[in-house]
Structures are given as C-alpha cells and as structure tokens.
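Asks: Please find one structure pasted underneath; my questions will follow.
The values are calculated or read from the model by the stated rules, or taken from the named source; none is laboratory data. The model shown is predicted, which means the values in this text are computed figures rather than measured ones. Cβ: placed from backbone, ideal geometry, glycine included. Neighbour counts: every protein chain shown.
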Amino acid sequence: MAEMTTLESLLEMGFERNRAEKAVANTGNQGIEQAMDWLMEHENDPDIDEPYVPPVGNVLGGEAESPSSTELQALADAAEGEESGYIETEDGGRRPMTEEEKREQVKRLEELMRVKQAERRERERAEEVEREKQRRRQGQELQQIRQKMQDDEMKKIADQRRREKMEDKLARQRVKERIARDREERAQKFGGAGPPSSTASSQPTPPSPSSPTSQGPPPTKKEYDESRIQVRLLDGSTINTVFKAQEPLAAVRVYVQMNGNTPEGQDFTLLSPYPRHVYTELDMEKPLKELGLVPSAVLVVTKK
C-alpha cells in the first residue's frame with residue numbers, strides 16, 4: 001500500500017520506526033514530503049521518542065492526497081500496489097522492484113530530504129535576519145524616544161529660565177515705578193516751596209550772635225527730614241537724588257542699580273570717603289539719618 005511505502009521509505013532513510021510512524025500518522029498519510037517536514041519540525045520535541053500509540057479507529061492505510069510535486073506523485077504511483085516493493089508496468093501489470101530501483105528510490109528521497117533541510121536552514125536564516133531588523137528598528141525607536149525626552153527636558157529648562165528672567169524684569173520694573181512714584185510725591189510736596197535750601201532761607205534769620213542787640217537763648221539745631229545724596233559711580237560719573245531721612249541705605253543701593261551704569265550682575269558696595277567708612281549688609285537696613293547721611297552726603301560705588 002502507498003502509506004506503507006511511505007513508512008518503509010522513512011525507515012530505509014534511517015529514521016526510527018517510532019518517529020516514522022508518528023510522522024505518517026500526524027500528517028494523515030499525505031506523502032513522504034509532508035512526513036519529512038513533520039519530522040524536521042518536531043525532531044526536538046521532548047516526547048518525540050515516546051512509544052507511538054495510534055488513536056482508536058486510526059489505521060495506517062487511509063487514502064493519501066495527491067502531492068503537488070511531480071516527483072512525489074511519481075513515487076506515490078510507483079509505490080501503489082497490494083504489496084510494498086511493487087511498481088506498475090506500462091501494460092498495466094505489476095512487478096517487484098529490483099534492488100537497484102529500491103536504492104534509486106531511497107537516493108531520490110535522501111536528495112529530497114537534503115533539499116528540505118536546505119530550505120529549512122534558509123528559512124531560519126531569513127527569520128533571523130528579520131528578527132535582527134526588528135531589533136534595530138526597536139533600538140532606533142527607543143533612541144528617538146530618549147532624544148525626544150531630552151529635548152522636552154531642555155525646552156522645559158529654557159522655559160523656566162525665561163520665566164525667571166521675566167519675573168526678575170518685572171521686579172526691577174516695580175522698583176523703578178516705586179522710585180518714580182516717590183519722586184512725584186516729593187515733587188508735589190516741595191514743588192511750590194522750592195528746594196530745601198530755599199525753604200530754609202525763607203525762614204526768619206535769627207539775630208547774629210555778633211550783634212549787640214542779639215539777646216535771648218541760642219538757636220536750636222534744625223531737624224532735617226530729607227537727605228540729598230550724590231553717588232560717584234565706577235566710571236567717575238555722578239548721580240544725585242533726594243531720599244527721606246528715615247529711608248534705609250538699601251534704597252540708595254536699589255537706586256544705583258536702576259539708574260547707574262553698573263553692569264548687570266556686578267556686585268558692589270557703598271562707602272563714605274570722608275571719613276572713610278565701608279557700609280556692610282547690616283548697614284543697608286539702617287536709616288540714612290542713623291548713619292549720619294542727613295542732610296547731604298557723598299557716597300562712592302566700589303566693586304566687591
């Protein structure tokens with residue numbers, strides 16, 4: 001029978017009977033090509049060498065489907081017969097296969113097996129190449145994701161810096177506006193009376209001590225509520241303004257930062273030339289009157 005010829009062909013090619021029977025049964029006796037494919041695909045199965053137990057009702061002798069290969073069809077036709085080892089003659093009779101014909105048949109089957117093995121190796125190489133391509137694509141995608149995350153982080157940092165600069169600019173603008181408002185208030189308060197010096201001169205002049213008619217108590221010391229400050233900058237130029245006597249020295253420092261030509265970020269300190277005195281951070285919180293800078297004073301800007 002044709003199915004028995006497939007089994008015997010597998011046995012003659014060196015396959016163990018247990019594996020050959022499993023291959024024939026699991027491929028439904030569809031021919032030697034399907035059986036060889038099944039053996040190569042399942043040769044590493046852990047239960048491949050376990051004893052074969054045919055299912056109930058399964059008989060190795062069912063009708064086989066026609067293989068697509070012309071060579072396998074010829075082999076199947078040659079193997080058909082009531083007994084294995086017979087081939088059909090041209091006149092429709094049957095005769096037993098000679099030893100040479102059997103060897104030739106085994107040779108063709110072995111060649112077919114080598115072709116199948118080569119196809120399997122080529123298929124595995126193609127699958128490996130495809131896996132490598134997929135791995136590289138995944139690596140490139142991962143690199144792109146990491147680059148995007150880095151770009152987003154850099155953008156976030158840049159946005160934060162822009163916000164900080166904007167907040168600093170707004171803070172400086174508020175200081176400028178405050179100084180401008182203070183100037184306007186002082187101008188409105190003293191605009192009609194003229195500068196402090198003219199105001200003082202408009203008051204009655206006390207009698208001269210040298211006058212023989214000057215009698216009475218000595219004049220009292222005048223209390224000033226403003227201070228005219230002249231600041232000498234790093235390049236030798238000067239700026240002048242008027243502050244309240246109770247304003248802290250820090251107000252003068254802010255005024256220099258806003259109106260002087262000191263480079264942005266340049267740290268500086270203030271000092272009095274005569275007598276020489278360098279003002280510290282603690283002095284910045286003290287009123288001008290307490291520091292002896294009323295009614296007028298000259299300050300010098302120096303680098304720290």
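Asks: With respect to the numbered conditions (1) surrounded by 11 or more Cβ atoms within 10 Å (Cβ to Cβ); (2) at pLDDT below 90; (3) not assigned by TED's automatic domain parsing to the domain that holds Val298, which one is the sole condition not fulfilled by Gly191?
Replies: Every condition holds for Gly191 apart from (1).
Asks: Return the residues of the range 1-23 that are under 58 Å from the mean Cα position of the chain (by Cα), touching a residue at least 24 places away in the same chain (Cβ under 8 Å) and under 18 Å from Glu110 (Cβ atoms); say none if nothing qualifies. Spell out how you get there, then give the answer.
Replies: In the first step, residues of the range 1-23 are kept if they are under 58 Å from the mean Cα position of the chain (by Cα); the result is 15, 19-20, 22-23.
In the following step, the residues that additionally are touching a residue at least 24 places away in the same chain (Cβ under 8 Å) were identified as 15, 19, 22.
Matches in the range 1-23: Phe15, Arg19.
Asks: Give me the pairs: first residue in the range 232-247 and closer than 15 Å to Pro287 by Cβ and assigned by TED's automatic domain parsing to the domain that holds Gly260, second residue of a type in the set (Gly, Ala, Ser) and surrounded by 13 or more Cβ atoms within 10 Å (Cβ to Cβ), beta-carbon distance under 8 Å, and six or more apart or on different chains, which are they?
Replies: These pairs meet every condition: Val242/Ser227; Phe243/Ser227; Phe243/Ala251; Lys244/Ser227; Ala245/Ser227.
Asks: When the residues of the range 279-304 are filtered to those that are among the β-branched types (Val, Ile, Thr) and more than 17 Å from Thr238 (Cβ to Cβ), which remaining residue is surrounded by the most Cβ atoms within 10 Å (Cβ to Cβ)?
Replies: Val294
Asks: Condition test on Ala20, is it within 22 Å of Met113 (Cα to Cα), at pLDDT below 85 and surrounded by 13 or more Cβ atoms within 10 Å (Cβ to Cβ)?
Replies: Details: within 22 Å of Met113 (Cα to Cα): yes; at pLDDT below 85: no; surrounded by 13 or more Cβ atoms within 10 Å (Cβ to Cβ): yes.
Criteria not met by Ala20.
Asks: Please verify whether the range 140-148 includes one or more residues that are in a helix (DSSP H, G or I) and at pLDDT 90 or above.
Replies: If we filter the range 140-148 for residues that are in a helix (DSSP H, G or I), which is where we start, we get 140-148.
Checking which are at pLDDT 90 or above leaves us with 147.
Looking for residues that are in a helix (DSSP H, G or I) and at pLDDT 90 or above, one finds at least one in the range 140-148, hence yes.
Asks: Hey, any hits in the range 248-269 for a residue that's farther than 27 Å from Asp168 by Cβ and either in contact (Cβ under 8 Å) with a residue 12 or more places away in the chain or among the small types (Gly, Ala, Ser) (or both)? Explain how you work it out, then say what you get.
Replies: Going residue by residue through the range 248-269, those that are farther than 27 Å from Asp168 by Cβ are none.
No, the range 248-269 contains no residue that is farther than 27 Å from Asp168 by Cβ and either in contact (Cβ under 8 Å) with a residue 12 or more places away in the chain or among the small types (Gly, Ala, Ser) (or both).
Asks: Just checking, how many residues over the range 270-286 are over 9 Å from Leu249 (Cα atoms) and among the basic types (Lys, Arg)?
Replies: Count: 1.
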